Amino acid sequence: MSLPDMSLSELKSACLSCENCGLSATRTNVVFGSGNEKADVMFVGEGPGQSEDEQGEPFVGRSGQLLTHYLGAIGLEREDVYIANIVKCRPPDNRDPKPEEQDICINWLNRQIELINPKIIVCLGRISAKRMISEDFMVTKQHGEFIKKDSILYMGTFHPSALLRNPSSKPDALQDFKGLAAKLSDPTRFA
């Protein structure tokens, strides 16, 4: 599916009526994305959970509260960044989105990235990092590393829901966010 040139609001309107995969049959709401449309930093998760599906906004449940906490720890608010997911509809029972679902939905995200034009994309969790950075990316070993692709810096870190299940990784995630803050405050950060 190729998407014609359109604004972010036009893209969102088109996405809200998408029925290109089976996830559309079980969703309550499409979770397109939200935040600053001119953000230097974009966060990308794998897909909406139950709270997100109910409210139509990304990262609004417990994992979203943790993401907001980490943003605050480095002096950012949700309004400073843009937050989206690989797939825009909740997979049943919060299962991982299937590769074919990701393949169908990725065009929405790619167009969001083109329109927002972030300098840094933070991949939240294994699925996002493997899809956006490299199939070989290992979040547990490579979290916090910056990798440049197509003039964008990518960083993979732990998904907030994984941190809720495994709190021992929280200090590592906080260090990743501090690394993000350092990158944002460095005048040569995008060179």
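Exactly one residue out of Ser63, Ser24 is more than 19 Å from Lys119 (Cβ to Cβ), in contact (Cβ under 8 Å) with a residue 60 or more places away in the chain, part of a helix (DSSP H, G or I) and in contact with a His (Cβ under 9 Å, 6 or more places away or on another chain): that is Ser63. Applying the condition of being under 17 Å from Thr157 (Cβ atoms) and not in a loop (DSSP other than H, G, I, E, B) to the stretch 28-60 and asking which residue is nearest to the chain's Cα centre (by Cα) yields Val44.
Look at (1) closer than 24 Å to Leu115 by Cα; (2) assigned to a helix (DSSP H, G or I) and you find that His69 fails only one, number (1).
Can we say Glu79 is of a type in the set (D, E, K, R) and surrounded by fewer than 14 Cβ atoms within 10 Å (Cβ to Cβ)?
Numbers: of a type in the set (D, E, K, R): yes; surrounded by fewer than 14 Cβ atoms within 10 Å (Cβ to Cβ): yes.
It is true that Glu79 is of a type in the set (D, E, K, R) and surrounded by fewer than 14 Cβ atoms within 10 Å (Cβ to Cβ).
On the given criteria, is Ser9 part of a helix (DSSP H, G or I) and surrounded by fewer than 17 Cβ atoms within 10 Å (Cβ to Cβ)? Against the criterion (part of a helix (DSSP H, G or I) and surrounded by fewer than 17 Cβ atoms within 10 Å (Cβ to Cβ)), Ser9 qualifies.
Residues in the stretch 128-173 that are under 15 Å from Phe43 (Cβ atoms), outside any loop (DSSP other than H, G, I, E, B), in contact (Cβ under 8 Å) with a residue 40 or more places away in the chain and touching a helix residue (DSSP H, G or I) at 6+ places or on another chain (Cβ under 8 Å): Arg131, Pro160, Ser161, Leu163, Ala173. If only residues of the stretch 157-179 that are surrounded by 15 or more Cβ atoms within 10 Å (Cβ to Cβ) and of a type in the set (Gly, Ala, Ser) are counted, the one that is nearest to Gly75 (Cα to Cα) is Gly179.
Read-outs: derived from the displayed coordinates by stated rules, not from any lab. What you are looking at is a predicted structure, and each value in this text was computed from that prediction instead of being measured. Methodologically, a virtual Cβ is constructed for each residue, glycine included, from the backbone with ideal geometry; neighbour enumeration extends over all protein chains shown.
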